[in-house]
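The values are calculated or read from the model by the stated rules, or taken from the named source; none is laboratory data. Just so it is clear, the structure is predicted and the values come from calculations on it, not from any experiment. Note that each Cβ is placed from the backbone with ideal geometry, even for glycine, and that neighbours are counted across all protein chains shown.
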Amino acid sequence: MARINMIVADPDLVYLKAIENYFTEHCSQRFHVYLYSKAEALEKRLLINEGEPDILLLHPRLLTDEIAKVYGGKVLILSEGTQAQDLEKYPAIYKYQRGDMLTAEILRNLQGIRANVLPLDKDSKQTKIGLFYSPEGGSGKTTLALAMGTLLAGIGKEVLYLTFESFPSTSLYFQWEGAEQFSQLYYYMKGENKQLMMRLEGIRLKDPITQINYFPPAEEPTEFYEVTPEELVSFMDQLKKSGLYDYILVDVSSSYDERIHALVELCQQIMIVVSQSPVSMIKKKALLKVLNSNGENGAIENKIIICLNQIGGCENAMELEDEKFILPYAPDLLVRRGKRYQINLDSSYIKSLSGLMESFINGN
């Protein structure tokens with residue numbers, strides 16, 4: 001997969017080191033980053049033409065007449081808050097902002113300059129899509145998705161958590177104040193947009209604790225239902241073919257329509273989370289009947305993994321039927337980190353996931 005060649009030039013060596021550390025840790029699949037602290041060295045690099053970079057991020061003091069003359073590509077000024085009048089023709093980005101937001105601005109400025117910078121490469125990575133669904137609300141499917149995502153990221157896998165819920169609980173686990181929201185992508189999803197992956201990468205965030213990639217959820221609960229099944233499938237197909245992720249974990253609401261059915265058909269595994277209440281068991285049977293009637297030759301049935309979540313027990317608990325995996329009630333599952341919660345990897349809940357993780361990874 002082609003990567004963005006970017007030069008960052010700034011006289012502040014501490015800032016350059018911070019840039020190097022961030023892009024190495026979080027964006028090595030997307031960027032080749034070259035660092036310069038002196039204009040003379042950068043001029044020499046550009047003059048000998050060692051492969052023209054896609055973009056230059058420059059401190060104003062390092063933008064010499066020679067650099068402006070020899071480089072005809074995209075230039076962004078690393079601004080400290082003010083912009084000199086003679087540099088107003090160049091777009092500027094504020095240099096002292098979070099790495100994910102800086103990356104988003106860089107990608108937005110690249111749109112239309114190099115549309116193939118994130119090509120669809122079906123052979124670059126075999127991405128697996130897992131759907132997390134429940135016929136009832138409050139079943140714990142989001143917690144399961146994020147617990148499994150945390151474990152997968154912990155073994156070095158690139159994980160994308162994607163929620164299409166009308167009322168997601170994402171803010172309980174992730175923080176995105178000031179970031180662009182998924183509503184923009186619903187808009188782009190509805191048009192024929194060759195730069196969709198570039199725009200996606202512009203709003204994608206990565207949680208520093210779990211290392212899970214995610215998008216801030218949409219602003220309005222009805223936006224998912226304004227997308228057609230065909231648009232949704234095309235969107236998911238582009239995500240999968242981008243080669244950026246090993247696993248895409250899709251979290252959806254408890255409703256069932258043609259969009260959910262489209263996701264059911266394209267995913268490789270369906271995690272159905274239920275409780276042991278009589279209502280949950282009845283809903284589970286009705287759901288399985290619908291799924292099995294819509295799949296040919298067991299195509300959908302063979303992807304289903306049923307998980308019983310013992311959410312604090314149930315006074316009228318039904319006897320177990322075909323639940324292969326039982327998720328124990330664990331009051332210590334979530335621990336606070338500031339205003340957010342994170343999964344406690346030492347809880348009995350996490351320890352119970354070994355068999356489920358193996359079945360999910362191996363597809364059986």
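Look at segment 322-350: where a residue is free of Cβ contacts under 8 Å to residues at least 60 places away in the same chain and a partner is among the charged types (D, E, K, R) and surrounded by fewer than 13 Cβ atoms within 10 Å (Cβ to Cβ), sitting 6+ places away or on another chain with Cβ atoms under 6 Å, you get Asn344/Asp332; Ser347/Asp332. Would you be able to say whether some residue in segment 36-56 is buried (at least 18 other Cβ atoms within 10 Å of the Cβ), closer than 30 Å to Thr210 by Cα and not assigned by TED's automatic domain parsing to the domain that holds Pro208? Checked against the condition, which is being buried (at least 18 other Cβ atoms within 10 Å of the Cβ), closer than 30 Å to Thr210 by Cα and not assigned by TED's automatic domain parsing to the domain that holds Pro208, segment 36-56 yields no hits at all.
Evaluate segment 111-122: report whether one residue or more is modelled with pLDDT of 90 or more and under 16 Å from the mean Cα position of the chain (by Cα). Can you show your working first?
We begin by selecting, within segment 111-122, every residue modelled with pLDDT of 90 or more; these are none.
No, that holds for no residue.
One residue alone among Ile77, Ile67, Ile19 is among the aliphatic types (A, V, I, L, M), crowded, with 19+ Cβ neighbours inside 10 Å, within 33 Å of the chain's Cα centre (by Cα) and part of a helix (DSSP H, G or I), and that residue is Ile19. Residue pairs whose Cβ atoms lie under 6 Å apart, sitting 6 or more positions apart in sequence or on different chains, and linking a residue in segment 203-214 that is within 13 Å of Leu152 (Cβ to Cβ) and assigned by TED's automatic domain parsing to the domain that holds Asp251 to a partner that is buried (at least 20 other Cβ atoms within 10 Å of the Cβ) and hydroxyl-bearing (Ser, Thr, Tyr), are Thr210/Thr150; Ile212/Tyr161.
A count restricted to segment 85-103 and to residues that are at pLDDT 80 or above, of a type in the set (A, V, I, L, M, F, W, C) and not in a strand (DSSP E or B) stands at 1.
From the list Val33, Val8, Val14, which residue is more than 18 Å from the chain's Cα centre (by Cα), assigned by TED's automatic domain parsing to the domain that holds Leu102 and in contact (Cβ under 8 Å) with a residue 40 or more places away in the chain? The conditions single out Val8.
Restricting Leu291, Leu266 to those that are at negative phi, among the hydrophobic types (A, V, I, L, M, F, W, C) and at pLDDT below 90 reduces the list to Leu291.
Quick one: which residue in Val279, Val250 is outside the structural domain of Phe31 (by TED's automatic domain parsing), buried (at least 21 other Cβ atoms within 10 Å of the Cβ) and either at pLDDT below 90 or closer than 26 Å to Leu172 by Cα (or both)? Of Val279, Val250, the one residue that is outside the structural domain of Phe31 (by TED's automatic domain parsing), buried (at least 21 other Cβ atoms within 10 Å of the Cβ) and either at pLDDT below 90 or closer than 26 Å to Leu172 by Cα (or both) is Val250. For segment 257-308, taking the residues that are in contact with a Pro (Cβ under 8 Å, 6 or more places away or on another chain) and not aliphatic (A, V, I, L, M), the one that is farthest from Glu226 (Cα to Cα) is identified as Ser280. Of the residues Met189, Met148, the single one that is buried (at least 21 other Cβ atoms within 10 Å of the Cβ), under 30 Å from Leu308 (Cα atoms) and either at pLDDT 90 or above or not small (Gly, Ala, Ser) (or both) is Met148. Scanning segment 50-71 for residues that are closer than 30 Å to Gly243 by Cα and modelled with pLDDT under 90 returns Glu50, Gly51, Glu52, Pro53, Asp54. Identify, please: which residue in segment 253-265 is under 20 Å from Met148 (Cβ atoms) and of a type in the set (Ser, Thr, Tyr) and is, among those, surrounded by the most Cβ atoms within 10 Å (Cβ to Cβ)? Step by step, filter segment 253-265, then rank; the result is Ser253.
Would it be correct to say that Ile311 is at pLDDT below 75 and within 32 Å of the chain's Cα centre (by Cα)?
Working: at pLDDT below 75: yes; within 32 Å of the chain's Cα centre (by Cα): yes.
Against the criterion (at pLDDT below 75 and within 32 Å of the chain's Cα centre (by Cα)), Ile311 qualifies.
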